[in-house]
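Accompanying notes for the structure given below.
The values are calculated or read from the model by the stated rules, or taken from the named source; none is laboratory data. In this text the structure is predicted, and so the values were computed from the model without any measurement. Neighbour counts run over all protein chains shown; Cβ positions are idealised from the backbone, glycine included.
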Amino acid sequence: MGSKRFIHYLVLFGFFCPAVHAIDDSGDDRYDTFGGINYRQSVTRPVNEWNQLFVKTQPGLGAYLGWRFHPRFSAECGYEWSQNKPLGTGIGSGSSLLGVTNGSALPVELTGTVRFKTGHFDLNTFFPFTFQNWLPEWIVSLGVGATKPNMKINGTAINNTGSRIPLEAADAGAQNFASQFSQIEGKSMAVFRGGFGLQTSVLENVGVRALVRYERTSVLRGRGISATENPATAKIFQNGFSLSLGLYLKF
């Protein structure tokens, strides 16, 4: 599922939720439509030599809409994205990275960036308890997301004085080496998710939520370059974890 299509579904869900809530007004304020926004800190470790091109920790944001259709259960869908942070590594003349050899007389610096974009659907169950005058709830969440890593790798040659120069000004070996990475693309894949956390209301219709989540990102792959076709280097990411902190609103 592409990200644009998922956003369309999310907008439709946003219109649909209030209508369902109006029809199913049971008088119990736990039956609510809700939405929220989170700050996310994710850890998705690149494996093999991919860790020289892509960072493993990224901040990001997430937004969601949902419906609590039972005092103990809710369904929600949303969208999450991470910051596009660069990571560079220098490859000396005659050295290799991911099975590709730098045949230039000059070192080449490759800089990679990756941004994860995930549309998700989660089912949550709640375990309320009492803490002094508060009524917090434990949350257990299971779901699936459609995730695409947006990857990009740029190259820059380094001359004899240590200055960076455009590839166009370098020799053909440097240009050929960098070009074998520049066409990388990420594939959209289904990613299973599981989370555990805590939420509590702070006002009548405003609450806070903290959630730790596991995501099966090891299924994510790239395409377009030789390193993604080689079985020894095809796997790019290890399974990831994230911590989400944010506010939610009842509608």
Next on the checklist: Anything in the stretch 31-83 that is in a loop (DSSP other than H, G, I, E, B) and free of Cβ contacts under 8 Å to residues at least 60 places away in the same chain? List them, or say none.
Outcome noted: Tyr31, Val55, Lys56, Pro71, Arg72, Gln83
Checklist outcome for this item: Given the conditions (1) surrounded by fewer than 16 Cβ atoms within 10 Å (Cβ to Cβ); (2) in contact (Cβ under 8 Å) with a residue 40 or more places away in the chain, every one holds for Ser95 apart from (2)
Next on the checklist: Can you say whether Ser104 is closer than 21 Å to Ser226 by Cβ and among the hydroxyl-bearing types (Ser, Thr, Tyr), as far as the supplied structure shows?
Outcome noted: yes
Checklist entry - Of Phe116, Phe121, which residue is part of a strand (DSSP E or B), within 24 Å of Gly186 (Cα to Cα), within 24 Å of the chain's Cα centre (by Cα) and at pLDDT below 95? => result Phe116
Next on the checklist: Which count do you get for residues in the stretch 119-164 that are β-branched (Val, Ile, Thr) and without any contact (Cβ under 8 Å) to a residue 60 or more places away in the chain?
Outcome noted: 6
Checklist entry - Yes or no: Trp134 more than 13 Å from the chain's Cα centre (by Cα) and at pLDDT 95 or above? => result no
Checklist entry - When you go through Phe6, Phe73, Phe15 one by one, which is the residue that is touching a strand residue (DSSP E or B) at 6+ places or on another chain (Cβ under 7 Å), modelled with pLDDT under 50 and within 23 Å of Gly246 (Cα to Cα)? => result Phe6
Item to check | Only listed residue being of a type outside the set (D, E, K, R) and surrounded by 13 or more Cβ atoms within 10 Å (Cβ to Cβ), chosen from Asn124, Asn133 | outcome: Asn124
Next on the checklist: Any residue at all in the stretch 219-229 that's under 23 Å from Leu123 (Cβ atoms) and not aliphatic (A, V, I, L, M)?
Outcome noted: no
Checklist entry - Before we move on, is Thr200 in a helix (DSSP H, G or I), among the β-branched types (Val, Ile, Thr) and more than 17 Å from Gly145 (Cβ to Cβ)? => result no
Item to check | Subset of the stretch 188-244 (residues that are closer than 30 Å to Val100 by Cβ and of a type in the set (Phe, Trp, Tyr)) | outcome: Phe237
Checklist entry - Regarding Thr200, is this residue of a type outside the set (A, V, I, L, M, F, W, C), in contact with an Asp or Glu (Cβ under 9 Å, 6 or more places away or on another chain), surrounded by fewer than 19 Cβ atoms within 10 Å (Cβ to Cβ) and over 30 Å from Thr89 (Cα atoms)? => result yes
Checklist entry - Does any residue of the stretch 165-187 turn out to be more than 21 Å from the chain's Cα centre (by Cα), surrounded by 14 or more Cβ atoms within 10 Å (Cβ to Cβ), without any contact (Cβ under 8 Å) to a residue 60 or more places away in the chain and assigned to a strand (DSSP E or B)? => result yes
